[in-house]
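Take a look at the structure set out below.
What follows draws every value from the coordinates through simple rules; no lab data is involved. All values reported here derive from a predicted model rather than from experimental measurement. In this analysis, Cβ positions are derived from the backbone assuming ideal geometry, glycine residues included, and neighbour counts consider all displayed protein chains.
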C-alpha cells in the first residue's frame, strides 16, 4: 500500500456504506461531501477567516452543526 494514495473520504464512504449494507451511492456521498465543503468555504468567506487556519476551519465546521 502506498500511503500517499490513502483517502479519508474514501475510507469514510466505505465505513458508511458497510453500515448501510451497501446501499449508499458513492456519487450521492461525494455530492453531499462537496456541498458541506462549499458551506464551510462560504462560512469562512462570510466571517473573513482563512482557509489555511485549522482554528478557522473548525469554527466553520462547528457552525454547520449549530446552524444546519
For this session: Output the residues belonging to segment 4-21 that are under 20 Å from the mean Cα position of the chain (by Cα) and either touching a residue at least 24 places away in the same chain (Cβ under 8 Å) or more than 15 Å from residue 33 (Cβ to Cβ) (or both).
Result: 4, 5, 6, 9, 18, 19, 20
Seminar exercise, completed: If we ask which residues in segment 42-61 are without any contact (Cβ under 8 Å) to a residue 12 or more places away in the chain, surrounded by 10 or more Cβ atoms within 10 Å (Cβ to Cβ) and more than 19 Å from residue 12 (Cα to Cα), their number turns out to be 7
For this session: Would you check which residues across segment 14-51 are over 21 Å from residue 68 (Cα atoms), touching a helix residue (DSSP H, G or I) at 6+ places or on another chain (Cβ under 7 Å) and in a helix (DSSP H, G or I) and list them?
Result: 26
